[in-house]
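> First the structure, which I've put down as structure tokens, then a few questions once you've had a look.
The values are calculated or read from the model by the stated rules, or taken from the named source; none is laboratory data. The model shown is predicted, which means the values in this text are computed figures rather than measured ones. All Cβ positions, even for glycine, are placed from backbone atoms using ideal geometry, and neighbour counts span all protein chains on display. For the accessible areas, the whole protein counts, side chains as well, though only heavy atoms, and no ligand, DNA or RNA atoms are used. Shrake-Rupley method; radii C 1.70, N 1.55, O 1.52, S 1.80 Å.
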Amino acid sequence: RAAFLSPEGPTGMAAEDEAELSLLECRVCFEPYGPEEQRRPLNLPCGHVLCRGCVGALAGAERRRLECPFCRRPCGPARRECRPLLQLLELLGPAAGAVAPVPAGLGLRLCVGGWGSLVNPTGVAACRESGRLAVAHDGRKRIHIFGPSGFCLRRFGERGDAGNDIKYPLDVTVTSDGHVVVTDGGDCSVKVFDFEGRGVLAVREGFCLPWGLDATPKSEVILTDAEAGALYRLTADFQRGELKKCQMIRSRLVSPRAVAVCQTSGAVVVIEHLKARGANKGSTRLKIFSAEMDLIGQMDSFGLNLLFPSRIYATAVAFDKEGRVIVTDVCSQSVICLGKPEEFPIFNPLISHGLSYPVGLAYMANDSLVVLDSGDHSIKIYSST
């Protein structure tokens, strides 16, 4: 079972693993519960839960009485199915409790930026055609363009009040026709530049707080509005600087921020940021939509915590070339693969060391994984080892 070491050390990790096993696995045979007859969870009168197979084995041939293996209380023949666990298993789907095989390792190939070069970076995107990277940050010139070797090719997007200035960049993406698109939280707009830094379009379609964005293969842009709780599709002729359509395609989301589009299937994944309740810290929820914007899967931090050995607070999301969902987690300072939408969620740690506060993700054409680390103001590029 793959796991991250918790701050509490091995003892704390063992306690978390035990809690996870006691919830989703029979504590007698240590096999996961499931919809099959022998794997269905049964409530004993004492309150403990076992799978039907173990209950039958412990009860013997007559199946009349058994002794609870945990509290030693005699239990009669009346045993009901544990409905809450069955409903949870149904909600989580067939992948509940699944742990993906450990992938080929990812090694750090290149690290660029650092304090002074980048200041509190917020977004990163890759141009699949040229291999160039666009990074949004809080420096005097808000957008930096890096070449594949890590050399800074260009800086643009002045901090100011002019039409093409950028007040507070929240995220960035690069379209397939080579345009850099930025969400500006300072004036609640979406601004488009070419790779030379020339402003070609500014969109202010009544946004409340445009935040995350990603480009489709057709150079459309999918973007979130964190304050309006909405998802938009922006269609434009960027060469001419003409907006064609800005359409709300999903509403009633809860503070949606990061968003990613699968380049093969057109599926869209969004990270919602849920408000803290009482003494509890805030949490995140991932929602996956089909290309037609039908909800096909979701999982919040509570559900993920039932499956995985550490608390997950997702800050960035991307699809790899196989259509798997990849997230950054600031709690464990890691990058995690959650699987394809049809098997979501699984648990597959890709990077578990060397990150401080990962806030951005992008895949390059050569399948290198780009991680934006706001903790040390850097871009880290990982390749298979």
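> If you take the residues of region 56-88 that are basic (Lys, Arg), more than 23 Å from residue 35 (Cβ to Cβ) and at pLDDT 80 or above, which of them is least open to solvent (accessible area, probe 1.4 Å)?
The qualifying residue least open to solvent (accessible area, probe 1.4 Å) is 73.
> Can residue 172 be described as open to solvent by less than 30 Å² (accessible area, probe 1.4 Å), touching a residue at least 12 places away in the same chain (Cβ under 8 Å) and part of a strand (DSSP E or B)?
Against the criterion (open to solvent by less than 30 Å² (accessible area, probe 1.4 Å), touching a residue at least 12 places away in the same chain (Cβ under 8 Å) and part of a strand (DSSP E or B)), residue 172 qualifies.
> How many residues does region 195-217 contain that are of a type in the set (Asp, Glu) and assigned to a strand (DSSP E or B)?
So the answer is 1.
> Just to be sure before I move on: is residue 309 open to solvent by less than 20 Å² (accessible area, probe 1.4 Å), modelled with pLDDT under 85 and over 16 Å from the mean Cα position of the chain (by Cα) in the structure I sent?
Answer is yes for this residue.
> Can you pull out every residue in region 333-364 that is among the hydroxyl-bearing types (Ser, Thr, Tyr) and open to solvent by 10 Å² or more (accessible area, probe 1.4 Å)?
Selection gives 352, 356, 357, 363.
> How about region 204-229: which of its residues are buried (at least 16 other Cβ atoms within 10 Å of the Cβ) and among the acidic types (Asp, Glu)?
Passing the criteria: 205, 214, 220, 225.
> Another one. Does residue 24 satisfy the criteria of being buried (at least 16 other Cβ atoms within 10 Å of the Cβ), under 24 Å from the mean Cα position of the chain (by Cα) and modelled with pLDDT of 80 or more?
No; evaluated as a whole, the condition is false for this residue.
> Just to be sure, is residue 91 farther than 18 Å from residue 362 by Cα and either modelled with pLDDT under 90 or assigned to a strand (DSSP E or B) (or both)?
Yes: the conditions hold for residue 91.
> Could you list all residues from region 365-385 that are buried (at least 21 other Cβ atoms within 10 Å of the Cβ) and on the phi > 0 side of the Ramachandran plot?
Selection gives 377 alone.
> What are the residues in region 230-287 that are under 20 Å from the mean Cα position of the chain (by Cα) and open to solvent by 80 Å² or more (accessible area, probe 1.4 Å), if any?
Residues satisfying the conditions are 252, 264, 275, 281.
> Let me ask another. Given (1) in a strand (DSSP E or B); (2) closer than 28 Å to residue 294 by Cα; (3) at pLDDT 95 or above; (4) out of contact with any Gly (no Cβ under 6 Å at 6 or more places or on another chain), identify the lone condition not met by residue 192.
Only one criterion is unmet by residue 192, namely (2).
> When region 142-186 is examined, which residues are found to be in contact with a Gly (Cβ under 6 Å, 6 or more places away or on another chain), closer than 22 Å to residue 257 by Cα and not aromatic (Phe, Trp, Tyr)?
Once the filter is applied, which keeps residues that are in contact with a Gly (Cβ under 6 Å, 6 or more places away or on another chain), closer than 22 Å to residue 257 by Cα and not aromatic (Phe, Trp, Tyr), region 142-186 yields 142, 143, 166, 167, 170, 171, 172.
> Of all residues in region 122-166, how many are at pLDDT 90 or above, open to solvent by 50 Å² or more (accessible area, probe 1.4 Å) and within 22 Å of residue 316 (Cα to Cα)?
Final tally of qualifying residues: 1.
> Out of everything in region 288-300 that is under 12 Å from the mean Cα position of the chain (by Cα) and crowded, with 21+ Cβ neighbours inside 10 Å, what residue ends up being modelled with the highest pLDDT?
Residue satisfying both the conditions and the ranking: 288.
> Take the residues in region 108-121 that are at pLDDT below 90 and closer than 15 Å to residue 371 by Cα, then tell me which one is surrounded by the most Cβ atoms within 10 Å (Cβ to Cβ).
Ranking the candidates gives 113 first.
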